[in-house]
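A.B. asks: After the structure tokens below, expect a handful of questions from me.
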Ligand SMILES: Cc1cc2nc3c(=O)[nH]c(=O)nc-3n(C[C@H](O)[C@H](O)[C@H](O)COP(=O)(O)OP(=O)(O)OC[C@H]3O[C@@H](n4cnc5c(N)ncnc54)[C@H](O)[C@@H]3O)c2cc1C
Ligand SMILES: Nc1ncnc2c1ncn2[C@@H]1O[C@H](COP(=O)(O)O)[C@@H](O)[C@H]1O
């Protein structure tokens with residue numbers, strides 16, 4: 001079985017971003033970047049399927065600037081077999097990303113595509129669903145468990161009220177939630193080995209996809225700041241203040 | 001042109017989240033139509049017909065829509081999308097699952113978690129876990145939006161019933177099947193619409209200790225929430241996770257107990273009206289957003305709080 005995993009390079013989740021001075025974007029200069037945490041979970045899941053003998057070939061794809069090579073090398077060190085970089089500007093719309101991935105899927109015919117549920121920069125939570133729509137394939141978003149049997153994916157999803165389990169005919173698209181697995185760290189020997197694994201580059205033009213967007217960012221501003229309030233000395237003082245000062249309990 | 005809102009429901013009740021999406025939709029110009037797709041859900045269609053601001057209800061009742069499988073529901077929405085300028089759903093797991101699929105087939109972008117409607121084509125939404133607020137203008141022919149439910153009040157359900165139009169076309173995809181669901185049953189108010197929320201973090205130490213929160217929640221009529229660390233440690237169920245990648249809440253009162261206040265947690269609760277933090281570490285970042293902070297061991301503070309509320 002062949003698995004396609006799509007990984008995005010984003011700001012590291014520990015970094016607190018700042019909006020730039022002219023309120024047009026966030027300031028990403030000299031900021032630590034990493035693989036989107038949900039994409040790490042996606043890579044891990046694919047590698048586990050390979051270790052179980054279910055998958056034989058894992059292709060990782062990343063779309064953005066040349067710096068995506070770092071992200072792809074990390075995925076290769078974690079156990080992916082080969083990588084494809086689609087050389088484009090960073091921050092493309094999810095729809096464009098999905099169209100590019102759909103073209104790759106048409107060429108590669110993967111049996112399973114695993115994406116993160118959400119990028120922690122755009123907070124879009126769209127690409128997997130869009131890819132499934134463009135390919136007219138079944139989807140299971142927010143996965144917390146995945147089993148493959150008899151050409152089907154049995155996926156448990158984290159939904160508002162609890163958990164839901166679906167069965168999808170392969171090929172299918174799955175997006176990862178936090179509880180799907182705990183990603184491993186790449187070992188030094190595997191990091192060295194990853195340098196020799198194949199990494200190919202393509203352009204959106206070669207894939208016949210236009211990267212123009214119908215969305216225009218008018219402004220990016222900092223959120224209203226919340227200032228720290230007061231410290232209380234006891235529960236009695238707290239309850240008193242919640243009653244008489246804040247008026248939120250009676 | 002009209003506005004289409006996809007109702008979220010459990011085939012019995014319309015979700016309050018949808019009432020909030022209707023409030024958002026009412027800020028756009030055009031008639032508001034609500035699509036109620038499900039199985040044996042006529043009751044929901046009737047509720048939707050009585051929501052203030054709604055002009056028409058479209059009812060699609062068939063077993064294939066029972067669990068809101070994205071493949072079927074998205075195709076149904078696309079099949080009726082012709083006369084709409086905007087298609088909206090609330091940012092519930094249903095909305096997030098289905099709407100991007102609709103947008104992609106229509107070849108338009110989708111805007112997630114809209115917190116403000118500036119005009120027919122310009123919308124505000126948080127990015128980077130709410131550390132930046134983007135204003136985005138769309139030139140797509142149809143705007144597809146999910147609505148952040150904490151940013152809009154609920155539309156009221158007391159209007160005269162409007163027309164319910166029955167859609168007879170059924171769209172069934174055979175590539176995905178529902179197997180089962182484990183839904184949490186709780187007598188408490190639903191997390192995202194509760195007026196008071198009390199959440200526990202890793203500091204709670206165990207699932208049993210969450211009982212300490214339950215007693216207080218009973219007294220306050222509160223919903224119980226959790227941090228990711230508490231969910232990952234198995235202290236609380238996944239559907240209680242508050243944060244960037246869990247649920248967004250904005251109650252009148254949010255009480256964070258044994259939660260450090262990571263950016264990802266703050267993203268889900270910092271729009272609460274009043275925030276209380278109980279933490280034994282006086283340097284915990286949660287105190288930077290708390291209106292009232294108590295530096296104390298939670299195992300001392302919680303029993304005292306329960307008593308003080310008696
Ligand atoms: C991709 C991604 C998405 C994430 N999404 C979310 C999300 O949606 N929601 C979320 O919450 N997190 C999320 N996180 C995790 C987040 O980064 C933090 O790890 C998490 O919020 C920490 O939870 P916590 O505050 O309970 O635990 P900790 O940070 O370990 O804090 C525990 C706190 O309890 C206090 N404490 C301990 N014992 C006691 C005691 N006896 N009495 C009083 N206080 C005590 C400690 O002083 C400490 O401040 C995400 C992380 C990633 C990478
Ligand atoms: N530029 C990109 N390159 C590779 N994968 C991406 C890119 N953007 C989004 N994705 C994938 O889509 C998932 C969801 O992203 P989003 O819809 O942007 O929240 C991510 O976790 C990735 O798996």
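Taken together, the values in this text are just the output of simple stated rules run on the coordinates, not laboratory data. Quick caveat, the model's predicted, so the values are computed rather than measured. For neighbour counting, all protein chains shown are included, and Cβ atoms are generated from backbone atoms with ideal geometry for every residue, glycine included.
A.B. asks: Would you mind pulling out the separation of the Cα centroids of segment A:1-76 and segment B:76-104, in Å?
C.D. replies: Value for the Cα centre distance between the two parts: 28 Å.
A.B. asks: Cα atoms only, segment B:1-67: Rg and Dmax in Å?
C.D. replies: 11.2, 34
A.B. asks: Using the Kirkwood radius built from alpha carbon pairs, what does the Stokes-Einstein equation give as D for segment A:54-162 at 10 °C and 1.306 mPa s, in µm² per second?
C.D. replies: Working: Rh = 15.1 Å.
D, rounded to a whole number, is 105 µm²/s.
A.B. asks: Relative to the first principal axis of the alpha-carbon coordinates of chain A, what is the inclination of helix A:37-51, with its axis defined by its Cα atoms, in degrees from 0 to 90 and to the nearest 10?
C.D. replies: Between the helix axis and the principal axis of chain A, the angle is about 40 degrees.
A.B. asks: So how many Å³ per residue does the convex hull of the Cα atoms of segment A:96-153 work out to? Before the final figure, lay out each step's value.
C.D. replies: On the way: hull volume 4.7 nm³, N = 58.
Hull volume over Cα atoms, normalised by residue count, gives 81 Å³.
A.B. asks: With 10 angstrom as the radius, rank B:269, A:33, B:94, A:130 by how many other C-beta atoms surround their C-beta, starting from the fewest.
C.D. replies: In increasing order of surrounding Cβ atoms, one gets A:33, B:94, B:269, A:130.
A.B. asks: Could you state the per residue volume, in Å³, of the convex hull enclosing the Cα atoms of segment B:2-166? Can you show the working numbers first?
C.D. replies: Numbers: hull volume 16.2 nm³, N = 165.
So the per-residue hull volume is 98 Å³.
A.B. asks: Oh, and also: Roughly how many whole Å is it from the C-alpha centroid of segment B:256-310 to that of segment A:187-247?
C.D. replies: 22 Å
A.B. asks: Something else about it: If one computes the Cα centroid of segment B:180-230 and of segment B:1-54, what distance in Å separates the two points?
C.D. replies: Distance between centres, Cα-based: 28 Å.
A.B. asks: With a point put 7 Å past each Cα toward its Cβ, work out how far residue A:30 is from residue A:136 in nm, to one decimal.
C.D. replies: Each label point is offset 7 Å from its Cα along the Cβ direction, giving 5.3 nm.
A.B. asks: Just to confirm the number: angle between the C-alpha axis of helix B:211-220 and the first principal axis of chain B, 0 to 90 degrees, nearest 10?
C.D. replies: 70 degrees
A.B. asks: Using the 10 angstrom Cβ neighbour count as an exposure proxy, how do B:101, A:48 rank, fewest first?
C.D. replies: On the way: B:101 28, A:48 16.
The fewest-first ordering by Cβ neighbours comes to A:48, B:101.
A.B. asks: Over all distinct alpha-carbon pairs, what is the Kirkwood Rh of segment B:80-194 in angstrom?
C.D. replies: 17.0 Å
A.B. asks: Other chains' Cβ within 10 Å of B:229-240 residues: what's the mean? If you can, show how the numbers build up before the last one.
C.D. replies: On the way: counts 0, 0, 3, 3, 0, 0, 0, 0, 4, 9, 6, 0.
Mean number of neighbouring Cβ atoms from other chains: 2.
A.B. asks: Can you give the Rg/Rh ratio of the protein assembly as shown, where Rg is from the C-alpha atoms and Rh is the Kirkwood radius? Working shown, then result.
C.D. replies: Values: Rg = 23.3 Å, Rh = 24.3 Å.
The Rg/Rh ratio comes out at 0.96.
A.B. asks: Once you have the Kirkwood Rh of chain B from its Cα pairs, apply Stokes-Einstein at 25 °C and 0.890 mPa s and quote D in µm²/s. Write out the running numbers ahead of the final one.
C.D. replies: Details: Rh = 20.5 Å.
Answer, rounded: 120 µm²/s.
A.B. asks: Separate question: Under Stokes-Einstein, with the Kirkwood radius over Cα pairs standing in for Rh, what whole-number D in µm²/s applies to segment A:2-225 at 25 °C and 0.890 mPa s? Mind dumping the intermediate values first?
C.D. replies: Working: Rh = 17.9 Å.
Estimated via Stokes-Einstein, D reaches 137 µm²/s.
A.B. asks: Oh, and also: Over the C-alpha atoms of segment A:139-250, what are the Rg and the largest Cα-to-Cα span, Dmax, in Å?
C.D. replies: Gyration radius and largest Cα-Cα distance of segment A:139-250: 25.4, 68 Å.
A.B. asks: Give the Rg (one decimal place) followed by the Dmax (whole number) of segment B:191-308, computed from C-alpha coordinates and expressed in Å.
C.D. replies: 12.3, 34
A.B. asks: Going from the alpha-carbon gyration tensor of segment A:171-213, what semi-axes, largest first and in whole Å, does one get by taking the root of 5 times each eigenvalue?
C.D. replies: Values: eigenvalues 167, 97, 19 Å².
Whole-Å semi-axes of the equivalent ellipsoid: 29, 22, 10.
A.B. asks: What value, in deg cm²/dmol to 500, does the helix sum -39500 (n - 2.57) over DSSP H runs of n ≥ 4 give at 222 nm once divided by the residues of chain B? Before the final figure, lay out each step's value.
C.D. replies: On the way: 8 runs with 71 residues, N = 310.
Counting only the DSSP helices, I get -6500 deg cm²/dmol.
A.B. asks: Next up: Could you give the alpha-carbon Rg of segment A:119-189 over 2.2 N^0.38 Å, rounded to two decimals? Working shown, then result.
C.D. replies: On the way: Rg = 13.6 Å, N = 71, 2.2 N^0.38 = 11.1 Å.
Cα-based Rg divided by the globular estimate yields 1.23.
A.B. asks: To the nearest 10 degrees, how steep is helix B:16-25 against the longest Cα principal axis of chain B, on a 0 to 90 scale?
C.D. replies: 60 degrees
A.B. asks: Mind checking the mean number of beta-carbon atoms from other chains within 10 Å of the Cβ atoms in A:137-150?
C.D. replies: Working: counts 4, 8, 10, 4, 7, 5, 0, 1, 0, 0, 0, 0, 0, 0.
Neighbouring Cβ atoms belonging to other protein chains average 3 per residue here.
A.B. asks: Using the C-alpha atoms of segment B:146-185, what convex hull volume per residue, in cubic angstrom, is computed? Intermediate results must be reported in sequence, preceding the final value.
C.D. replies: Working: hull volume 8.8 nm³, N = 40.
With only Cα atoms used, segment B:146-185 gives 221 Å³ per residue.
A.B. asks: Okay, next question. Only Cα pairs within less than 10 Å get springs; with that Gaussian network setup on chain A, which residue of A:73, A:226, A:18 has the largest fluctuation?
C.D. replies: The residue that fluctuates most here is A:226.
A.B. asks: Largest first and in whole Å, give the semi-axes of segment B:53-108's equivalent ellipsoid, each being the square root of 5 times a Cα gyration tensor eigenvalue. Before the final figure, lay out the partial values.
C.D. replies: Details: eigenvalues 52, 47, 30 Å².
Semi-axes (√(5λ), whole Å): 16, 15, 12.
A.B. asks: Can you give the mean number of other chain Cβ atoms that lie within 10 Å of the Cβ atoms in peptide B:285-296? Can you show the working numbers first?
C.D. replies: Numbers: counts 0, 1, 3, 5, 5, 5, 10, 11, 6, 7, 3, 5.
Mean shielding by partner chains, rounded to a whole number: 5.
A.B. asks: Two decimals is fine: what's Rg over Rh for segment A:1-131, C-alpha atoms, Kirkwood radius as Rh? It would help to have the intermediate numbers written out before the result.
C.D. replies: On the way: Rg = 14.7 Å, Rh = 15.1 Å.
My calculation of the ratio gives 0.98.
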